[in-house]
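Quick notes on the structure that follows.
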Amino acid sequence: MNGGTRLFLHARPGSPAAGDPAASPGGPPPRTRRPRPPAILGLPLDRTTSYRSGTALGPAAVRAASWSLETFSPFLGGDLADQVLHDFGDVALDETLSLDAELALIEAAVRDLYRRGFLPVLIGGEHLVTLPAYRAVASVELEVAATVEPRPGAAFFGEAGGTPAAPATSGVGDPRPVLFHYDAHADLRDRYGDLRLSHATVIRRVAELAGARNVYQFGIRSGEREEMRWAASNVNLVGGPLVEATRAALRAAAGRKVYVTLDIDILDPSHAPGTGSPEPGGPTAAEVFEVVATLGSAASLGAAGGGIDLLAFDLVEVSPPLDPSGRTPVVAAKILRELLIARSA
Ligand SMILES: [Mn+2]
């Protein structure tokens, strides 16, 4: 990881020494559930983007744009300056490496942050980053669950590439983290061309780890016929207005551990044109700010308080070269600000 020239709004530089004092870097994380301090980490992966690329520049652009925002949110009545926020820069990816090697670097970096007691707040990069990031936090959680008693699903994370998912139980006793997926695209193809690993297959791969019944999708308005047929009978496609859909899913997932991934192309392209596969007919930025505020509030309650345990959040597919107006990274930065403020309320 390198430091980068600019940090996210109000963040201090992350360092190997920074962390939750209760966490032990070598062993399993503490079982007591107190709010994890957030840590920004850039994941500038740009390997499999199909239509138009540029996502490698996403993390730097979102950081730079964040400084156009105030730290105070009038909508939420909270201030980012009231919390300690670390920015660990970007994972040092190298295009001369294999894709598998790059994904392994991402997984190791996210696992390290998570083990040290942080809430990983990840900025992509293309959507494929969600696979190693989900695997990282889920594998730590399953280790913790396994220290209490052996549970089904604990073996899922032993092998790279994953094992086909057993029938999901999708209940509070299921230790596998729930995935909330906000996107215009289902990303559920089994293959994209010859590729098993692609930003168009990433949620299918995560569903194999998580169990499809633990996947909730929001805002989906694009997918192949076969893909959507598979979605309808396997994952939870949550329709309707985005905020209401989110509230309904939070009721269903109350008490669970949740990983949230948000593709910026869930927004209508008029609000966020800087992305590789824009899909007309999406929600406004204001709606998405309300969604992440709702998620943040549920996370501040915690699983024990009737909300959720938020394990990690990623925001992907921002492609700055595709938006000369520069509004897409500003919207992305504000999504992160609203989430972080709501979560700490
Ligand atoms: Mn998408």
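The values are calculated or read from the model by the stated rules, or taken from the named source; none is laboratory data. What you are looking at is a predicted structure, and each value in this text was computed from that prediction instead of being measured. Because the Cβ atoms are built from the backbone with ideal geometry, glycine has one as well, and the counts that use them run over all protein chains shown. Only protein heavy atoms, including side chains, enter the accessible area calculation; ligands, DNA and RNA are left aside. Shrake-Rupley method; radii C 1.70, N 1.55, O 1.52, S 1.80 Å.
The numbered conditions (1) closer than 30 Å to Pro324 by Cα; (2) open to solvent by 60 Å² or more (accessible area, probe 1.4 Å); (3) away from the ligand (no atom under 15 Å from the Cβ) are all true for Tyr192 except (3).
Going residue by residue through segment 196-205, is there one that turns out to be without any contact (Cβ under 8 Å) to a residue 60 or more places away in the chain and more than 16 Å from the chain's Cα centre (by Cα)? The answer is yes, given that some residue of segment 196-205 is without any contact (Cβ under 8 Å) to a residue 60 or more places away in the chain and more than 16 Å from the chain's Cα centre (by Cα). Exactly one residue out of Thr275, Thr246 is within 12 Å of the ligand (Cβ to nearest atom) and polar (S, T, N, Q): that is Thr275.
Quick one: is Pro269 in contact (Cβ under 8 Å) with a residue 60 or more places away in the chain, more than 11 Å from the ligand (Cβ to nearest atom) and under 24 Å from Thr55 (Cα atoms)?
Considered against the rule, which asks whether it is in contact (Cβ under 8 Å) with a residue 60 or more places away in the chain, more than 11 Å from the ligand (Cβ to nearest atom) and under 24 Å from Thr55 (Cα atoms), Pro269 comes out as no.
Looking at Ala145, Ala65, Ala61, just one residue is touching a helix residue (DSSP H, G or I) at 6+ places or on another chain (Cβ under 9 Å), modelled with pLDDT under 95 and part of a helix (DSSP H, G or I), and that residue is Ala145.
The residues in segment 77-92 that are within 22 Å of the chain's Cα centre (by Cα) and either over 29 Å from Ser198 (Cβ atoms) or of a type in the set (Asp, Glu) (or both) can be counted, and the count is 7. Does Val129 satisfy the criteria of being within 16 Å of the ligand (Cβ to nearest atom) and outside any loop (DSSP other than H, G, I, E, B)? Answer is yes for this residue. Determine whether segment 314-326 contains at least one residue that is out of contact with any His (no Cβ under 7 Å at 6 or more places or on another chain), modelled with pLDDT of 95 or more and over 22 Å from Leu57 (Cα atoms). No - not one qualifying residue is present in segment 314-326.
For segment 176-189, a residue qualifies if it is more than 10 Å from the ligand (Cβ to nearest atom), of a type in the set (D, E, K, R) and buried (at least 24 other Cβ atoms within 10 Å of the Cβ), and exactly one does: Arg176.
Under the condition of being away from the ligand (no atom under 16 Å from the Cβ), touching an Asp or Glu at 6+ places or on another chain (Cβ under 9 Å) and either on the phi > 0 side of the Ramachandran plot or polar (S, T, N, Q) (or both), the residues counted in segment 305-345 number 1.
The residue that is surrounded by the fewest Cβ atoms within 10 Å (Cβ to Cβ), counting only those in segment 116-145 that are charged (D, E, K, R) and under 17 Å from the mean Cα position of the chain (by Cα), is Glu141. Contact map, segment 221-248: first residue basic (Lys, Arg), second residue modelled with pLDDT of 95 or more, Cβ cut-off under 7 Å, separation 6 or more or different chains; pairs are Arg221/Ala184; Arg221/Glu279; Arg221/Gly281; Arg221/Gly282; Arg247/Thr294.
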